[in-house]
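Encoded as structure tokens, the structure appears first; notes follow it.
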Amino acid sequence: MSRFAEPQDPDFASINRSLDVDRRLWPYDVAQSRAHARMLAAQGIIEQADRDALLAGLDAVEGELRAGSFPFCEDDEDVHMAIERRLTEIAGPVGGKIHTARSRNDQVITDVALYVREAADELAGAVGELMAALADAAEEHLDWTLPGYTHLQRAQPVYLSHHLLAYLWMLDRDRERLRFAARQVALLPLGAGALAGVNFATDRRMVAAELGFEGVVPNSIDAVSNRDFILDLLSAAATCATHLSRLGAELVLWSSEEFGFVVLADAWTSGSSIMPQKKNPDAAELLRGKAPRVVAHLTALHGVLHALPLTYNKDLQEDKEHLFDAVDTLRLCLAASTGMIRGARFDRERMAAAASDELIAATDIADLLVRRGVPFRASHGIVAGLVREAVTSGRSLSELTADELRARSEHLDPETMASVLARSSWLESKVSEGGTALPRVREQLTLARERLRA
Ligand code: ARG
């Protein structure tokens, strides 16, 4: 019997149906149904025999889902209805008892909470693997020099290890954000019913314990309305994907012939269908291209939740596509990043040559004057004048004459210039904590390894 005299319009059925998106929630749906059936029997709400029939039916349903032989129907609106329908086909009318003291409103968000917990843990683990790859690469290229850039203009030389570790620290924060998201699903929503609680003396804590929750959501209205832990995961994912887009962008630049700093492994590049010489860094490009999609999922879910009155509204069904695609996308981006870093071959000569331009030591000359008592702002102007003189006359800084130097500052002469411009001193003079001098990078690497064990 149905309340409705007319069948659903096919287009209504289509817009209303979420099965194609939410079918992947089945493992969580089966797990929570098992816990729910056990609790119902323990509380005397259903008979022990009913529980046994439900559990046996759920085993059969799970077997079909696992084997891919589960018969989904056109009429199944979502995964919850599909599983209950099939359970009833297998177990008989007792299958209808599984939905006692439960609503799809608390059911769906319980599935999603279980999914989010798993996804956040998995992504945090994948971030850790990328961090390990970066730490290994930093260790292997500890004292390889390259220019550090600002405005994509050569700024000051740094060690490759230092540059790679910069990504490790971004990812360390990403991992913390993912762990935070995982902690936001510590409490069980199930048992809230449609919104107000249920008319049975259930034991929510028993269900919580079986499903690995620390307790139960204290307010049934909040339980069925809340989607903020999905926002937390999407936010962590969006930031992480954005970080990976910066790594991808650098790999694209660095693997170009213009830079030539790195050769990516064949396994992470593609050829061109027309130009036989090409080796394209597609995966690195896609790290750039995929990030906005993850950010868009976060923005879209903010839009869905914006101004939405309590409690459950069908709008909330739209949460899952954003969630799943963001997780799938980030998972792939992390795997690609780890693969590319592990397979990258850096070109020591090309990087060193790019970092050997004397102009890159301009700050060091300015600091030399500071040590001789010139205020930094004034020394900045003196060195800018020297750079201008060298550049306009087509010479390097060390080619400026003693007279030219003295005309700018009484503290300058060719010998001191030569000592500052001796290449290794540019890097090893960056002795401040967190700087690029080798002892500082070694210190940083030790810290990084400690974080990796955390
Ligand atoms: N497919 C629905 C969703 O994903 C399940 C909850 C449906 N609840 C309802 N009252 N129609 O949100």
Original post:
Among Lys320, Lys290, Lys314, which comes first, second and so on when ranked by fewest other beta-carbon atoms within 10 Å?
Top reply: Lys314, Lys290, Lys320
Subject >> Fraction of antiparallel bridges per DSSP, the range 94-221 only, in percent to nearest 5 >> reply: 75
Original post:
Stretched out fully, how many nm does the piece from Arg406 to His151 gain, at 0.36 nm a residue minus the Cα gap?
Top reply: 88.6 nm
Original post:
How fast does the range 127-180 diffuse by Stokes-Einstein, in µm²/s, taking the Kirkwood radius from C-alpha pairs at 37 °C and 0.692 mPa s?
Top reply: 276
Original post:
So if we plug the beta-carbon distance of Glu74 and Glu139 into 1/(1 + (r/R0)^6) with R0 = 56 Å, what FRET efficiency do we get, rounded to 0.05?
Top reply: 0.45
Original post:
By the gyration tensor of its Cα atoms, with a ≥ b ≥ c the square roots of the eigenvalues, what is the shape of the range 390-454: rounded for a/c under 1.5, prolate for a/b over b/c, or oblate?
Top reply: prolate
**OP:** Only bridges with both residues in the chain count here: give the DSSP antiparallel percent, nearest 5.
**Re:** 80
**OP:** Rounded to the nearest Å, what's the spacing between the alpha carbon centres of the range 286-347 and the range 187-266? Just the number, please.
**Re:** 10
Original post:
Where nothing but the Cβ of Lys and Arg (+1) and of Asp and Glu (-1) is charged, how large is the charge dipole of the chain around its Cα centre, in debye to the nearest 20?
Top reply: 880
Original post:
In the neighborhood of Phe72, defined by Cβ-to-Cβ distances under 12 Å, what is the net charge if each Lys or Arg adds +1 and each Asp or Glu adds -1?
Top reply: -4
Subject >> Formal net charge of residues neighbouring Asn226 (Cβ-Cβ distance under 12 Å; K, R +1; D, E -1) >> reply: -4
Original post:
Using Cα atoms only, what is the angle between the long axis of helix 319-343 and the major principal axis of the chain, expressed in degrees (0 to 90) to the nearest 10?
Top reply: 40
Subject >> Charge dipole (the range 36-188, unit charges on Cβ, about Cα centre) - positive-most of His163, Ala41, Ile83 >> reply: His163
Subject >> Sorted by Cβ neighbour density within 10 Å, fewest at the top, the residues Thr416, Thr392 >> reply: Thr392, Thr416
Subject >> Lys, Arg +1 and Asp, Glu -1 on Cβ, resulting dipole of the range 1-54 about Cα centre, debye, nearest 20 >> reply: 260
Original post:
Rg and Dmax of the range 36-146, using alpha carbons, in Å: what are they?
Top reply: 22.3, 73
Original post:
Where Lys and Arg each count +1 and Asp and Glu each count -1, what net charge lies around Glu415 among other residues with Cβ under 14 Å from its Cβ?
Top reply: +1
Original post:
Which of Gly95, Val387, Ala296 sits farthest toward the positive end of the charge dipole of the chain, with +1 on the Cβ of Lys and Arg and -1 on the Cβ of Asp and Glu?
Top reply: Val387
Original post:
Suppose R0 equals 45 Å; then what is the FRET efficiency for Glu47 and Ala454 from their Cβ-Cβ distance, rounded to the nearest 0.05?
Top reply: 0.35
Subject >> Selection from Pro276, Val217, Leu234 lying farthest towards where the dipole of the range 209-296 points positive, charges on Cβ >> reply: Pro276
**OP:** Report, in deg cm²/dmol and to the nearest 500, the calculated mean residue ellipticity at 222 nm for the chain, where each DSSP H run with n ≥ 4 adds -39500 (n - 2.57) and the sum is divided by the residue count.
**Re:** -20500 deg cm²/dmol
Original post:
By the gyration tensor of its Cα atoms, with a ≥ b ≥ c the square roots of the eigenvalues, what is the shape of the range 50-91: rounded for a/c under 1.5, prolate for a/b over b/c, or oblate?
Top reply: oblate
Original post:
Once the Cα gyration tensor of the chain is found, what semi-axes does its equivalent ellipsoid get, as square roots of 5 times the eigenvalues, in whole Å, sorted largest first?
Top reply: 62, 22, 19
Original post:
Which of rounded, prolate, oblate describes the range 310-373, given a ≥ b ≥ c as roots of the alpha-carbon gyration tensor eigenvalues and a/c under 1.5 marking rounded, otherwise prolate only if a/b is larger than b/c?
Top reply: oblate
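No lab work stands behind these numbers, since they all come straight from the coordinates. What you see is a predicted model, and the numbers here were worked out from it, not measured in a lab. With ideal geometry, Cβ positions are generated from the backbone for all residues, glycine too; neighbour counts draw on all protein chains shown.
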